[in-house]
Amino acid sequence: MQGIATVLSPITGLKWSDDPDDLQRYGIDWTHLWSPAPCAVVWPVTVEQVRAVVRAATTNNLALVPSGGRTGLSGGAVAANGELIVSLEKMNRVLDFNAVERTLKVEAGTVLQVIQEAAAAQGLQYPIDLAARGSCTIGGNIATNAGGIRVLRYGNTREWVVGLTVVTAQGELLELNRGLIKNSSGYDLRHLMIGSEGTLGIVVGAELQLTEPLPASQVMLLALPNFKSVLTAFVQLRATLRLQAYEFLTDVALARVVQHGAPEPFDERHPYYVVAEFDDNEDAALQVFEQGVEGGWIADGALSTSDDHQRKFWHLRESITESIAPLKPYKNDISLRIGQLPAFLAEAQALFAERYPDFEVIWFGHIGDGNLHISIIRPADWSEQAFAAHCAAATKELAACIQRHGGSISAEHGIGLLKRDYLDSTRSDAEIAAMRAIKAALDPQGLLNPGKVFAPDRHQ
């Protein structure tokens, strides 16, 4: 492509491609709902190359899509309208460890698991943990304020970013917060960038806070008769044990995992299952289990006695996405206040049963922080087009249900393209207007990840 070559060739040492295979691979994320159509992909290896790319794009009015591990589920990394993809995967170095402050400086393309291993090598941990740890990158985690399986213990990514390096839409470099613990000097632009999905700036580096390793733990797998019992068990376990994670899945989700090769955990199937990890305290755990059996809110259970047991219990939860991936399900990622979950779930499940009886709906998620994942499987005799249309209608009704219960249409994968039309179910008109004003101020040409979060407003 002569046009893009003219734009990119002057940038010293920059690798780029407009090969169709590269455009296909880098133009989509895990949603697979859009046909990729970028103009090219660039792979900068330095901050200066990122700045040069942004400046060239600004001069030529060329839209940019930042790209990390592309494990998102909202279309946030999709390039379907001739954009230039800025892949940060080659900016993947661990730059520095500060033993006094227990911080780690990394480039944006560093894979989460690499960060976890670098922390472990120093006798510490980076506590954010996701099932996609082996492929997601810290830049993407920051862009969506990723949560994962230990939010109830450690919070979201936001809590662990003490410094951020960002390239603005004008190609300027921002060093935000610079690792300070206390910094009351006006607007904290670091937190504005976190969760902004690449629409306000391109994250090129971060300084992360590390902490002590988790203490020795045990994992309990519980079978429960109803969703009310899921919350009852959560309250009782939290009151008695130091929880590290509390995850749930339905019998429908378990069936898919078993079909994918996992062994049945119990002799009988039950409606709901919980994987709870907690600081080692076997006596207290058994006491809660006995109370639950006597009270009728626990139907069956097992307590880990080895690392292998723990891995098998967690496999039931963490392999759900893998087990259904070949079916290309339509996914929703939502959050509510924990106390609202029973009423919401009852209404949402009734809605799906009444309005979409042909759908197989798989529910699982992070109950400890109110985050539910909903995966809808396409019936074998439905076309992809008809399925997508019905799923969009279902999401519209789901968004209205979420709004009634005071929740969010996106918990940890961002708004992207997929949830853009439902943003007003979570944010008020005044909030959206303020967000648009921030976007216009920081990216006046509308070139950074256009169309994500809300429809582009490019008047230039």
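The values are calculated or read from the model by the stated rules, or taken from the named source; none is laboratory data. All of these numbers come straight from a predicted model, not from anything done at the bench. Glycine gets a Cβ as well: all are built from the backbone with ideal geometry, and neighbour counts include every protein chain shown. For the accessible areas, the whole protein counts, side chains as well, though only heavy atoms, and no ligand, DNA or RNA atoms are used. Shrake-Rupley method; radii C 1.70, N 1.55, O 1.52, S 1.80 Å.
Suppose every Lys and Arg Cβ carries +1 and every Asp and Glu Cβ carries -1, with no other charges. What dipole size does the chain come out with about its Cα centre, to the nearest 20 debye? Each step should come with its number before you reach the end.
Details: 38 positive and 53 negative charges, 257 e Å.
Rounded to the nearest 20 debye, it is 1240 debye.
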task: Taking amide H positions as placed in the peptide plane 1.01 Å from N, state which residues far from LEU84 in sequence (5 or more) or on other chains have amide H under 5 Å from it.
output: CYS39, ALA63, LEU64, VAL65
Hydrodynamic radius by Kirkwood, which averages 1/r over all alpha carbon pairs of region 251-329, in angstrom: 13.9
- prompt: If the label point is 7 Å along Cα→Cβ of THR211, which residues in region 257-281 have backbone nitrogen under 14 Å from it?
  reply: 279
- prompt: For region 13-22, what does the Karplus curve 6.51 cos²θ - 1.76 cosθ + 1.60, with θ = phi - 60°, yield as ³J(HN,Hα) per residue in whole Hz, taken in order and with x for Gly and Pro?
  reply: x, 6, 8, 8, 8, 10, 5, x, 5, 5
task: Just report the Cα centroid separation between region 296-311 and region 113-156, whole Å.
output: 25
statement: Expressed in nanometres to one decimal, the distance between label points 7 Å along Cα→Cβ at ASN281 and ALA5 is 6.7
query: Each residue of region 76-92 in order: what ³J(HN,Hα) in whole Hz does its phi give by Karplus 6.51 cos²θ - 1.76 cosθ + 1.60, θ = phi - 60°, with x for Gly and Pro?
result: x, 10, 6, 10, 10, 9, x, 6, 9, 8, 9, 7, 9, 5, 8, 8, 10
- prompt: Near the amide H of CYS136, under 5 Å away, which other amide H atoms are found, from residues 5 or more places off or on another chain, if H is placed in the peptide plane?
  reply: LEU112
task: Kindly write out, for region 244-256 in residue order, the coupling ³J(HN,Hα) from the Karplus curve 6.51 cos²θ - 1.76 cosθ + 1.60 (θ = phi - 60°), rounded to whole Hz, with x marking Gly and Pro.
output: 9, 7, 8, 10, 10, 8, 8, 4, 5, 5, 4, 4, 5
- prompt: Under a point spin-label approximation (7 Å from Cα along Cα-to-Cβ), what is the ARG337-ASN81 distance to one decimal in nm?
  reply: 3.7
message: Going through the cross-link list LYS419/LYS439; LYS90/LYS328; LYS105/LYS182; LYS396/LYS452; LYS328/LYS419; LYS182/LYS452, which pairs have a Cα-Cα distance over 23 Å in this structure?
response: LYS90/LYS328; LYS182/LYS452
field: Cα shape, region 33-101, gyration tensor, a/c 1.5 rule
entry: oblate
message: Taking a ≥ b ≥ c as the square roots of the Cα gyration tensor eigenvalues, with a/c under 1.5 meaning rounded and otherwise prolate when a/b beats b/c, else oblate, which class fits region 301-383?
response: oblate
- prompt: So for the chain, taking the charge dipole from beta-carbon charges (+1 Lys/Arg, -1 Asp/Glu), which of VAL293, VAL53, ALA119 sits furthest toward the positive end?
  reply: VAL53
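Let a ≥ b ≥ c be the square roots of the eigenvalues of the Cα gyration tensor of the chain; is it rounded (a/c under 1.5), or, if not, prolate (a/b larger than b/c) or oblate? Mind dumping the intermediate values first?
On the way: a/c = 1.91, a/b = 1.43, b/c = 1.33.
Note, shape of the chain comes out prolate.
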task: May I ask you to order 294-300, 181-187 by the average number of other C-beta atoms within 10 Å around their residues, highest value first?
output: 294-300, 181-187
query: Where the centroid of each part is defined by its Cα atoms, how far is region 20-85 from region 182-208 in Å?
result: 21
message: Between GLN349 and GLU384, what is the label-point separation in nm under the 7 Å Cα-to-beta-carbon projection?
response: 3.2
message: Before I look further, what does region 170-311 give for accessible area per residue, probe 1.4 Å, in whole square angstrom?
response: 47
